[in-house]
Every structure is written in structure tokens, then in C-alpha cells.
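For reference, the structure is listed below as C-alpha cells.
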Amino acid sequence: MGNNEVKIVLWGIGNHANNNLIPAIHSSKRSNLYGCLTRNKDKLNQISENYKCKLWDNYQDMLNDPNIDAVFLSTPPALHYDQGMQILESGKHLFCEKPLTSNLELTIQLLRYAEKNNLAVCEGLMYQYHPQFSELRDLLLSNEVINIKTISSSFGIPKLSEPGYRTRKELGASCLFDVGIYPVSLIQSFFGNENIEIISVKKILNENNEFDISGTAHLVINSRINCFIDWGYNVSYRNEIDIWAENISLYSDRIFSKNKEYNPSIEIRDSNGNSSVRKIQAENHFKLMIEYFVEVIGSQEKIKDIHASALDLSKLMNNINKKLL
């Protein structure tokens, strides 16, 4: 490994981390999978066989290692604030699986501490680093799309055989903060500098009324663009965005989650309904996300930008969640 690579430790090794994050960090030429932390002995043994990196089952020993540049936190949401603050207090940059926290005040505390100590905090919304997202955003900002009327976006996942924290309130179970954060962040990333009004929010709770398992929201941008978003657990898979404008309409499937071999496309229909397709190259958005994080921690300007985005998203999520309560 080169000396200029950013040394990253992954804290928490679930299926997502094992299948997506570890390979992304390991394969990037800009990062070094320096180590992994989990209390699961079997997973430590498996990682030891596949990757030459340091291994810990105790977070204090890991945080005391002065060679670590950053920690990617991939643990249940309810643990993010305490563990994230411990990472920052040890002088390491924090890359956190979404949501950063499920509480606006806790998010603000993390960001303030990081800013005072010249550290970066980044929230892991991988889809925003894929060329599919960039192409769609560029289209919306160009002269090709005139007078947007409606944006509809859905993200729903089937019943999982191993749902993990998603069925445990004490670990932060919430479909809004797990799945709904994707379409919410999509609207925030497109219109973060505009007036976003929350018209209505509806939710469905689990059978014991402990946490939300699906929801819908109606947002309006600058009193003129209707945004309808919905999210859910235990439903047939949907992962899409549909944009309806005065002169054109756009549709793209698998906007939020996709494997690295998937070739996305954007279907474009003119005012008469004639259709064309703009194809986009396949990319590993987890790897692209890691590589951007490496850029961020080397730039005070980019750190400020990414902190501002995290704060704006947390404010919008907080306002939507208050409507749910």
C-alpha cells in the first residue's frame, strides 16, 4: 500500500459492509483498508482470510491506533452519535452510514465538534456519487427541462430474511431513516437552496406501534413543484424517479441502489410522448463515494460543503419526522 493512501477502518461488519463497503475500500487506489472492528469472531476470521488488514474486537484499542486516518461507521443508527463522537474525539475523520443520526440536535453536536477540530463528517448516501445521479441533476439544471411540474420518487424493499436492527426500536428501527432518507435526500440535493414546504406526511407503524414501516410525503418547492415521495418495508421492490415538466418528462430506474455491473439509463419523453433513452456507464458507487471522501478530508472547503449538506438533510428529515409524530 502507498504512503499517500488514506487509512480507513470499518467499524461494524454486517452483510452490507461485508458485501459492499469492504470491497470498495479495498479496491480503491486512494484508500487503504487498514483494519476492521467487530465483536463477531467468525467475521473477523473470515476477513483475516480475505484481506491483509488489522483486526479488532475492542473499539478502544482501535481508536488508540495513531496510524488511522478515518473510521467508516457501519453500526445501527441508535449507536451512531456515541460511537461517532468517540471517533472524532480520537482525532479521526468520521464516515458514517446513513442516517448520521436520527436526531437533529445530535447531528448538530457531531458537526460542531468536527468543525472545531478540523475533522470531516460524511454521511454515506452512495447514490449521489454515481454518474446516473450526476446526469439527472445536470439535466434538471440545464435548459433541456423547462418548468418542472411534478417529481415522484419511490423506494421500497421486500421482506428481509435477516432484517437486523430494522425490527428493533432500541437500535434505531425506522423505515423513514433507513429507506425514506433516500428520496428525501434526492429532493434536498436537487433543491437544497430553495424553499421546501412540507404539505403532508403519512406513516404506517408495525403491528406493535413501535416504529414506522412505510410512509409517504408531499413536498412543494417554491410553491410550484409538487414532490410526491414514498418508502416502505415488506413491499415489492421499487427504486425509481419520475420527473414531469412542461416540455419533457424523465424516468430512471434504480436511482438509489444498484450493483456495480448495472448500466442505468434515463428515459426521456418529449411533449408529444416520443421516447428516447440516454444510457449511462456502470460504476461502483460505493467506491466512488469512498474516493470522494478521500478528497473531502484534504480540503477545508469541501469539508464545509459536505457538513452543510448533512445539516440541511438532517433539518429536512427532522421536519418530516415531526409531521409523523
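What shape does the chain take by its C-alpha gyration tensor, where a ≥ b ≥ c are the square roots of the eigenvalues and a/c under 1.5 counts as rounded, a/b above b/c as prolate, and the rest as oblate?
It comes out prolate by the Cα gyration axes.
For LYS92, what is the net charge nearby, where nearby means another residue's Cβ is under 11 Å from its Cβ and Lys, Arg count +1, Asp, Glu -1?
-2
Using a simple charge model, +1 on the beta-carbon of Lys and Arg, -1 on the beta-carbon of Asp and Glu, nothing else, what dipole does segment 1-135 show about its Cα centre, in debye to the nearest 20?
That gives a dipole near 240 debye.
Run the reach check for LYS149 against lysines, Cα to Cα strictly under 23 Å, same-chain hits fewer than 8 apart removed. What comes back?
LYS202
Indicate the gyration tensor shape class of segment 110-219 (rounded, prolate or oblate), computed on the Cα atoms with a ≥ b ≥ c the square roots of the eigenvalues: a/c under 1.5 is rounded; otherwise a/b larger than b/c is prolate and the rest oblate.
Oblate.
Give the Debye-formula value of log10 I(q)/I(0) at each listed q (0.15, 0.18, 0.25, 0.28 Å⁻¹), with one equal scatterer per alpha carbon of segment 211-276, two decimals each.
-0.67, -0.89, -1.14, -1.18
ASN67 versus GLU194, label points 7 Å from Cα toward the beta carbon: distance in nm?
According to this spin-label approximation, the distance is 4.9 nm.
Relative to the first principal axis of the alpha-carbon coordinates of the chain, what is the inclination of helix 104-116, with its axis defined by its Cα atoms, in degrees from 0 to 90 and to the nearest 10?
Long axis of 104-116 versus the principal axis of the chain: about 60 degrees.
Can you tell me which aspartates and glutamates have their Cα less than 15 Å from the Cα of LYS304? Leave out same-chain residues fewer than eight positions away.
Those aspartates and glutamates meeting the cut-off are GLU115, GLU123, GLU295, ASP312.
Evaluate the distance, in nm, between pseudo-label points positioned 7 Å from the Cα of GLN60 and of ASN222 along their respective Cα→Cβ axes.
Between GLN60 and ASN222, the simple spin-label model gives 5.5 nm.
Going through segment 132-180, which trypsin sites (Lys or Arg not before Pro) have at most 10 other Cβ atoms within 10 Å and a DSSP loop state?
Those that pass, being in a loop and sparsely packed, are LYS159.
Dipole magnitude of the chain about its Cα centre, charges +1 at Lys/Arg Cβ and -1 at Asp/Glu Cβ only, in debye to the nearest 20?
The calculation lands at about 220 debye.
Once the Cα atoms of helix 41-50 and of the chain are each reduced to a long axis, what angle between those two axes, in degrees from 0 to 90 to the nearest 10, is obtained?
Helix 41-50 sits at roughly 90 degrees to that axis.
Of the GluC sites (Glu not before Pro) in segment 43-102, which ones lie in a loop per DSSP and count no more than 13 other C-beta atoms within 10 Å?
Taking segment 43-102 and a limit of 13 other Cβ atoms within 10 Å, no loop GluC sites (Glu not before Pro) are found.
What trypsin sites (Lys or Arg not before Pro) does segment 217-325 have in DSSP loop regions with at most 13 other beta carbons within 10 Å?
ARG224
What's the center-to-center distance, using Cα atoms, between segment 103-125 and segment 267-321 in Å?
Computed from Cα coordinates, the inter-centre distance equals 19 Å.
So how do TYR113, TYR165 rank on accessible area, 1.4 Å probe, biggest first, that is with the largest at the start?
Largest to smallest exposure gives the sequence TYR113, TYR165.
For labels at LEU140 and ILE108 in the simple 7 Å Cα→Cβ model, what's the distance in nm?
Here the answer is 2.7 nm between the modelled labels.
Over all Cα pairs of segment 220-325, how is the pair count split among 10 Å bins, expressed in % and running from 0 up to the last occupied bin?
11, 26, 37, 24, 2
For segment 263-321, what value does the Rg/Rh ratio take when both radii are computed over Cα atoms and Rh is the Kirkwood radius, given to two decimals?
That ratio equals 1.19.
Starting from the Cα coordinates of segment 1-80, work out the convex hull volume and express it per residue in Å³.
Spelled out: Cα convex hull of segment 1-80, divided by residues, is 89 Å³.
Under the rule a/c < 1.5 gives rounded, and otherwise a/b versus b/c splits prolate from oblate, where does segment 47-99 land using the Cα gyration tensor?
oblate
Which residues in segment 309-324 have a backbone N closer than 12 Å to a point placed 7 Å from the Cα of GLU115 along the Cα-to-Cβ line?
309-312
Restricting the calculation to Cα positions, tell me the Rg (one decimal) and the Dmax (whole number) of segment 8-137 in Å.
14.7, 44
Cα axis of helix 285-296 to longest principal axis of the chain: angle in degrees, 0 to 90, nearest 10?
70 degrees
Straight-line reach from LYS52: which lysines have a Cα under 20 Å away, not including same-chain ones fewer than 8 places off?
Filter leaves LYS7, LYS29, LYS41, LYS43, LYS287.
Of the DSSP beta bridges with both residues in the chain, give the percent that are antiparallel, rounding to the nearest 5.
Among the beta bridges of the chain, antiparallel pairing accounts for roughly 55 percent.
Please provide three numbers in whole Å: the alpha-carbon extents of segment 86-126 along the principal axes, with the largest listed first.
Sorted largest first, the three principal extents are 23, 22, 15 Å.
The values are calculated or read from the model by the stated rules, or taken from the named source; none is laboratory data. All values reported here derive from a predicted model rather than from experimental measurement. Note that each Cβ is placed from the backbone with ideal geometry, even for glycine, and that neighbours are counted across all protein chains shown. Calculation scope for accessible area: heavy atoms of the full protein, side chains included, ligands and nucleic acids excluded. Shrake-Rupley method; radii C 1.70, N 1.55, O 1.52, S 1.80 Å.
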